[in-house]
Amino acid sequence: MSTPKLRAELDGIPTYKPGRPPAADADGPAFKLSSNENPYPPLPGVLEAAVAAAAEFNRYPDLACSALTEELAKRFEVPTAHVATGTGSVGVAQQLVQSTSGPGDEVVYAWRSFEAYPIITRISGARAVQVPLDADERHDLDAMADAITGRTRLIFVCNPNNPTGTVVRRAALERFLDRVPADVLVVLDEAYREFGTDPEVPDGIDLYRERPNVAVLRTFSKAYGLAGLRVGFAVAHEPVAAALRKTAVPFGVSQLGQDAAVASLRAEPALLERVAALVAERTRVVEALAGQGWTVPETQANFVWLRLGERTADFAVACERAGTTVRPFAGEGVRITIGETPANDLLLAAAESFRKAL
Ligand code: PMP
């Protein structure tokens, strides 16, 4: 029996793998440290805004996300026409690839990095050009610039990088951007920017202001804690921002998401407190792991990376047994989200036992 013909580009593209949920059979409490989520409940006023919006979900949402767009434009001091919202920043990332790259084109990014990059690149029919991270788990910007060809249409720079947490700093990024042709779009994916404390890491919005070929991706999923509501956005010049409005799924961002995002932006003091608490936990976890003898790359995100190689799967199983589910990348390493203090304590105990048994 014949089957519907599907595009050949889809052959071999993996489906996106979400982080595993907390173990159902753990002896004690179980925590999820596998998806870089925020452990805190919604910021003050956010649940109320979402519940109020829910009362009208028989209606379509505001297609243009007007209130959210205006709030973002004001906050970043950019024209509203330069703000484009979407279903999570992964949705906007896919729109950026669709807007720039098709068969015969190339999309350049570091590897390992965010696992959606190869998927959305290959779906568009473009070729993925993966440039290995350097020995310190950082973007190798010189090698990425060397990888640019006449077919390159888009370059992702994930800053901080998922899953390693490492950053590119201002001078190196500006040197890199100087080498990128003006007709190649550079997407600065700053999903974890709010957790950064290093003043040498540039704000992508500053770079966008000076360079028409730079777009910045941000999300409400991480620091703002709205992962389940799917709201992300880009700040980009025309004609990129206009292309994002064409490639958006109509009504993709729900009214719950839009109103919750606006309320989250207005809850800045509580946001900063939570981010500070998570950053303090990050410091504690990194120092404790280093004290146990692990090599931990410097992280500016809400997660840490352990390059475990062939011991990756065993480590993930040991963590899960201890009640903390982490994110293994088979044969490479484990990404551990910074969670609530008891979750981090369980993780540290599991890591210590694993280390002692080596
Ligand atoms: N970019 C990076 C680097 C990420 O790690 C993630 C989430 N894993 C995203 C984008 C997408 O997040 P969201 O779609 O929830 O905004």
**Study point:** Simple label model, 7 Å out from Cα along Cβ direction - ARG245 to ARG209, nm
**Key:** 2.4
Study note, to complete from the structure: Interchain or sequence-distant (5+) residues whose placed amide H lies within less than 5 Å of the amide H of VAL129 are VAL107, VAL108, TYR109
Practice item. Just flag the trypsin sites (Lys or Arg not before Pro) in segment 38-121 sitting in loop per DSSP whose Cβ has no more than 10 other Cβ atoms within 10 Å. Key: ARG59
**Study point:** Cα-only Debye scattering, segment 238-334: base-10 log of I(q)/I(0) at q = 0.19 Å⁻¹
**Key:** -0.95
Review point. Accessible area, 1.4 Å probe, largest first: how do VAL108, VAL317 sort?
Key: VAL317, VAL108
Point to revise | Rounded if a/c under 1.5, otherwise prolate or oblate - the chain, Cα gyration tensor axes | key: rounded
Review point. Between ARG7 and ARG59, what is the label-to-label distance in nm when each label sits 7 Å out along the Cα-to-Cβ direction?
Key: 3.5
Review point. Of all accessible surface on segment 11-69 at a 1.4 Å probe, what whole percent is carbon and sulfur?
Key: 59
Check your understanding: How much area per residue is accessible in the chain when the probe is 1.4 Å and only protein heavy atoms are counted (Å²)?
Key -> 45
Review point. When the Karplus curve 6.51 cos²θ - 1.76 cosθ + 1.60 is applied with θ = phi - 60°, which whole-Hz ³J(HN,Hα) does each residue of segment 321-330 get, with x for Gly and Pro?
Key: 4, 7, x, 10, 7, 10, 10, x, 10, 3
**Study point:** Most to least packed among 185-197, 257-269 [average Cβ atoms within 10 Å]
**Key:** 185-197, 257-269
Revision key, fill the gap. The relative contact order of segment 65-210, taking Cα pairs under 8 Å that sit 6 or more residues apart, comes to a percentage of 20
Exercise for review: Using only the Cα atoms of segment 1-112, build the gyration tensor, take square roots of its eigenvalues as a ≥ b ≥ c, and label the shape rounded, prolate or oblate: rounded if a/c is under 1.5, else prolate if a/b is larger than b/c, else oblate.
Suggested key: oblate
Check your understanding: ³J(HN,Hα) across segment 135-145 via Karplus (A = 6.51, B = -1.76, C = 1.60, θ = phi - 60°), whole Hz, x for Gly/Pro?
Key -> 5, 9, 6, 10, 4, 9, 5, 5, 5, 5, 5
Check your understanding: Can you pull the percent of segment 240-358's accessible area that's carbon plus sulfur, 1.4 Å probe, other chains left in place?
Key -> 57
Point to revise | For THR324, residues with placed amide H under 5 Å, excluding near neighbours | key: PHE31
Practice item. Have a look at GLN95, GLN255, GLN292 and tell me which one the Gaussian network model of the chain (Cα, springs below 10 Å) gives the largest fluctuation. Key: GLN292
Review point. Can you run phi through the Karplus equation (6.51, -1.76, 1.60; θ = phi - 60°) for segment 279-295 and list ³J(HN,Hα) in whole Hz, with x for Gly and Pro?
Key: 5, 5, 5, 4, 4, 4, 5, 4, 5, 5, 5, 4, x, 7, x, 7, 8
Revision key, fill the gap. With all protein chains present and a 1.4 Å probe, the order of LYS17, LYS5 from largest accessible area down is LYS5, LYS17
**Study point:** Partners for LYS74 among lysines (Cα-Cα distance below 28 Å; same-chain residues under 8 apart left out)
**Key:** LYS222, LYS246
Review point. So how exposed is HIS139, as accessible area in Å² (1.4 Å probe, rounded to 10)?
Key: 20
Review point. What are the principal axis extents of the Cα atoms in segment 113-203, in Å, biggest first?
Key: 37, 26, 24
Point to revise | DSSP beta bridge pairing in the chain, given as percent antiparallel to the nearest 5 | key: 45
Check your understanding: When only Cα pairs under 8 Å and 6 or more residues apart are kept, what is the percent relative contact order across the chain?
Key -> 26
**Study point:** Cα→Cβ-extended label distance, 7 Å offset, between ASP146 and ASP25, nm
**Key:** 4.9
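The values are calculated or read from the model by the stated rules, or taken from the named source; none is laboratory data. Please read all numbers here as calculations on a predicted model, not as lab measurements. Every residue, glycine as well, gets a Cβ built from its backbone with ideal geometry; the counts of neighbours run over all protein chains shown. When the accessible area is computed, the model is the full protein with side chains, heavy atoms only, and any ligands, DNA or RNA have been set aside. Shrake-Rupley method; radii C 1.70, N 1.55, O 1.52, S 1.80 Å.
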